[in-house]
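So the structure is just underneath, and the comments pick up after that.
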Amino acid sequence: MKIRIGYGWDSHAFQSGVPLVIGGLAIEHPEGLAGHSDGDVLLHAITDALLGAVSAGDIGSFFPPGDPRWKGADSAIFLKLALDEIHTAGYKIANVDTTLVLAAPKISPIAGEIRERVASLLDIPAGDVSIKAKTPEGMGMDHVAQAHAVVLLERIEEDSSLRVMHAEIEETVTVGTDEIDEMLKEMSRGRKPAVKKPAFDTEDFT
Ligand SMILES: [Zn+2]
């Protein structure tokens, strides 16, 4: 399959004395979102959408709420794990669309900033991330923040130029095939490959 879709939803109650973090962005507000982690409702919804897209379970199966390791955790950790899961499955993000539902604070003035932050956490262009917000009219949920997220994934194609490079590297470099695969995977994601350095500097022995 060349494309896959994922959907995520989350909600957290507002609580005073807690910092408010939405989409990895710290926001000035008298209340924050209660939760075992930092309560980042938006990142949790996106994490679930990513995991759902590759049928890899949900955030709770990887990070059980009762686990003390995730108490007050930065939700970017959850997002990174979900990204690893989709890359391992052979997919990358095509685009992400989200809707926040909350009475306050107003999201529109900071939507651009949240978008930039989410895009950088996902390592994709801001143009592939959409942040929308609505107030929960008539729902009696003024002290709750909800987030919905939909992601579209597309298969990572190992194009012919990469295959040629693969052959050339294999001929000239004496590293394992697994390492070459990892380097090519990194390149195809548009990142610089992580070249493993030797454990010591040979010049030190002079
Ligand atoms: Zn959550």
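Read-outs throughout are calculated quantities, based only on the coordinates presented, and are distinct from any laboratory measurement. Quick caveat: nothing in here was measured; it's all calculated off a predicted structure. Methodologically, a virtual Cβ is constructed for each residue, glycine included, from the backbone with ideal geometry; neighbour enumeration extends over all protein chains shown.
What do you get for trypsin sites (Lys or Arg not before Pro) in segment 1-76 restricted to DSSP loop and a cutoff of at most 16 other Cβ within 10 Å of the site's Cβ?
LYS2, LYS71
What is the extension gain from GLU182 to LEU81, computed as 0.36 nm multiplied by their sequence separation minus the C-alpha to C-alpha distance, in nm to one decimal? Mind showing how you got there, number by number?
Working: separation 101, 0.36 × 101 = 36.36 nm, distance 1.69 nm.
That pair, GLU182 and LEU81, stretches by 34.7 nm at full extension.
In what order do LEU102, LEU81 fall by count of nearby beta-carbon atoms within 10 Å, going from fewest to most?
Listed from fewest to most nearby Cβ atoms, that is LEU81, LEU102.
Give me the net charge for the shell around LYS2: Cβ to Cβ below 12 angstrom, other residues only, Lys and Arg +1, Asp and Glu -1.
+1
How high is the FRET efficiency from LYS2 to GLU113, r the C-beta distance, R0 41 Å, rounded to 0.05?
0.80
Sum up the charges of everything whose Cβ sits under 13 Å from the Cβ of ALA119, counting Lys and Arg as +1 and Asp and Glu as -1, but leave ALA119 out.
-3
Provide the three semi-axes, in whole Å and in decreasing order, of the ellipsoid equivalent to segment 1-116 as defined by the square roots of 5 times the Cα gyration tensor eigenvalues. Show your work: numbers first, answer last.
Values: eigenvalues 123, 61, 23 Å².
One finds semi-axes of 25, 17, 11 Å for segment 1-116.
For segment 71-124, what is the convex hull volume of its Cα atoms per residue in Å³?
Considering the Cα atoms of segment 71-124, their hull volume per residue is 110 Å³.
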